[in-house]
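Colleague: Structure below; questions to follow.
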Amino acid sequence: MPRLLSPAAALLVGGIRTAVTAGGDDEAVAARVTRALTGHLTDPLLLDPEHREPDPNAYRQHLLHVEPDGSFSVVALVWLPGQETCIHDHVSWCVVGTYVGEEQETTYRLARGRLIPLRLNRTPQGVASYLVPPGDIHKVCNNSSSVAISIHVYGADIGLLGSSIRRRYDLPVGR
Ligand SMILES: [Fe+2]
């Protein structure tokens, strides 16, 4: 189980809970959660030091909160320079905000067994965005020369599933 949240993180979770329970389709919920997250990304007290710890081998996930009814989960991901995800999609809507540094996201579409890059999004500190399946195939990396930390909110019980990743795509990239 995640440890007790800092007061700042508990405030964030409360804001996300309000955004999720307001209902509507995935798009509407994810857009509201994005707005709820944005205001907290500049709060220096949001993450305790142990939630900022990297892993030299791969990007590190710190589970901050799983809502008791499983309706959403909040994690902090810590990225050292050059660390990246596989190309993947998610089991649910996903909201991502950059807390420290800058993240780079590449989105893809699947065509005839290949992955065609669609967009390259750079997300600086303080900015959040969302993805809603289907069609949410992407990769995230820290292409900068300093550490990056991002807050991710998923509309699923990550504690139960272990990960928000639905599928990883080990396919050739490009036309
Ligand atoms: Fe993702």
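The values are calculated or read from the model by the stated rules, or taken from the named source; none is laboratory data. No experiment lies behind these values; they were computed from the predicted model shown. Glycine also receives a Cβ, built like all others from the backbone with ideal geometry; neighbour counts cover every protein chain displayed.
Colleague: Just wondering, is there one or more residues in region 77-86 that are modelled with pLDDT of 95 or more and in contact with a helix residue (DSSP H, G or I) (Cβ under 8 Å, 6 or more places away or on another chain)?
Modeller: Yes: one or more hits.
Colleague: Tell me, yes or no, whether region 128-136 has at least one residue that is among the acidic types (D, E) and loosely packed, with under 15 Cβ neighbours inside 10 Å. Quick ask: steps written out before the conclusion?
Modeller: Restricting attention to region 128-136, the residues satisfying the condition of being among the acidic types (D, E) are 136.
Right, trim to loosely packed, with under 15 Cβ neighbours inside 10 Å and you get none.
Looking through region 128-136, none of the residues is among the acidic types (D, E) and loosely packed, with under 15 Cβ neighbours inside 10 Å.
Colleague: On to the next question. Do you know which residues across region 133-152 are within 12 Å of the ligand (Cβ to nearest atom) and among the β-branched types (V, I, T)? First the steps, then the outcome.
Modeller: Narrowing region 133-152 to residues within 12 Å of the ligand (Cβ to nearest atom): 133, 136-141, 150, 152.
If the condition is that a residue be within 12 Å of the ligand (Cβ to nearest atom) and among the β-branched types (V, I, T), then I137, V140 are the ones that fit.
Colleague: With respect to R109, is the statement that it is of a type in the set (K, R), in contact with a helix residue (DSSP H, G or I) (Cβ under 8 Å, 6 or more places away or on another chain), surrounded by fewer than 18 Cβ atoms within 10 Å (Cβ to Cβ) and at negative phi true? If you could, list the steps in order and put the result at the bottom.
Modeller: On the way: of a type in the set (K, R): yes; in contact with a helix residue (DSSP H, G or I) (Cβ under 8 Å, 6 or more places away or on another chain): no; surrounded by fewer than 18 Cβ atoms within 10 Å (Cβ to Cβ): yes; at negative phi: yes.
Against the criterion (of a type in the set (K, R), in contact with a helix residue (DSSP H, G or I) (Cβ under 8 Å, 6 or more places away or on another chain), surrounded by fewer than 18 Cβ atoms within 10 Å (Cβ to Cβ) and at negative phi), R109 does not qualify.
Colleague: Residues that are over 17 Å from R60 (Cα atoms) and surrounded by 16 or more Cβ atoms within 10 Å (Cβ to Cβ): does region 119-126 have at least one?
Modeller: Step one: list which residues in region 119-126 are over 17 Å from R60 (Cα atoms), which gives 119-126.
Retained after the next criterion (residues that are surrounded by 16 or more Cβ atoms within 10 Å (Cβ to Cβ)): 123, 125.
Yes, there is a match, as at least one residue in region 119-126 is over 17 Å from R60 (Cα atoms) and surrounded by 16 or more Cβ atoms within 10 Å (Cβ to Cβ).
Colleague: Look at region 27-79 and say how many of its residues are part of a loop (DSSP other than H, G, I, E, B), of a type outside the set (A, V, I, L, M, F, W, C) and over 14 Å from the mean Cα position of the chain (by Cα).
Modeller: So in region 27-79, the residues part of a loop (DSSP other than H, G, I, E, B) come out as 39-48, 53-59, 67-72.
Subsequent filtering for residues that are of a type outside the set (A, V, I, L, M, F, W, C) retains 39-40, 42-44, 48, 53-57, 59, 67-71.
The next check asks that each one be over 14 Å from the mean Cα position of the chain (by Cα); those that pass are 39-40, 42-44, 48, 53-57, 67-71.
The total comes to 16.
Colleague: Sticking with this structure for a sec: From the list Y154, Y99, which residue is under 22 Å from S73 (Cα atoms), out of contact with any Cys (no Cβ under 9 Å at 6 or more places or on another chain), surrounded by 14 or more Cβ atoms within 10 Å (Cβ to Cβ) and not aliphatic (A, V, I, L, M)?
Modeller: Every option except Y99 fails the conditions.
Colleague: Inspect region 153-166 for any residue being within 14 Å of the ligand (Cβ to nearest atom), part of a strand (DSSP E or B) and either within 23 Å of G39 (Cβ to Cβ) or of a type in the set (G, A, S) (or both) and give the result as yes or no.
Modeller: For region 153-166, residues within 14 Å of the ligand (Cβ to nearest atom), part of a strand (DSSP E or B) and either within 23 Å of G39 (Cβ to Cβ) or of a type in the set (G, A, S) (or both): present.
Colleague: Please work out which residue is surrounded by the most Cβ atoms within 10 Å (Cβ to Cβ), limiting yourself to region 38-85 and to residues that are among the β-branched types (V, I, T) and under 14 Å from V153 (Cα atoms). Give the derivation first.
Modeller: In the first step, residues of region 38-85 are kept if they are among the β-branched types (V, I, T); the result is 38, 42, 66, 74-75, 78, 85.
Cutting the leftovers down to under 14 Å from V153 (Cα atoms) gives us 38, 66, 74-75.
On the way: T38: 16, V66: 21, V74: 24, V75: 21.
For region 38-85, the residue satisfying everything is V74.
Colleague: Tell me whether region 109-118 contains one or more residues that are within 14 Å of the ligand (Cβ to nearest atom) and part of a strand (DSSP E or B).
Modeller: Taking region 109-118 first, the residues within 14 Å of the ligand (Cβ to nearest atom) are none.
Checking region 109-118: not a single residue is within 14 Å of the ligand (Cβ to nearest atom) and part of a strand (DSSP E or B).
Colleague: Quick check on Y99: is it over 17 Å from E84 (Cβ atoms), within 11 Å of the ligand (Cβ to nearest atom) and modelled with pLDDT of 95 or more? Please lay out each step first, then the result.
Modeller: Details: over 17 Å from E84 (Cβ atoms): yes; within 11 Å of the ligand (Cβ to nearest atom): no; modelled with pLDDT of 95 or more: yes.
It is false that Y99 is over 17 Å from E84 (Cβ atoms), within 11 Å of the ligand (Cβ to nearest atom) and modelled with pLDDT of 95 or more.
Colleague: Right, something else. Y59 is checked against (1) more than 13 Å from the ligand (Cβ to nearest atom); (2) modelled with pLDDT of 95 or more and fails just one. What number does that condition carry?
Modeller: It is condition (1) that Y59 fails.
Colleague: For region 80-96, enumerate the residues that are under 12 Å from the mean Cα position of the chain (by Cα) and more than 10 Å from the ligand (Cβ to nearest atom).
Modeller: Residues satisfying the conditions are S92, W93, V95.
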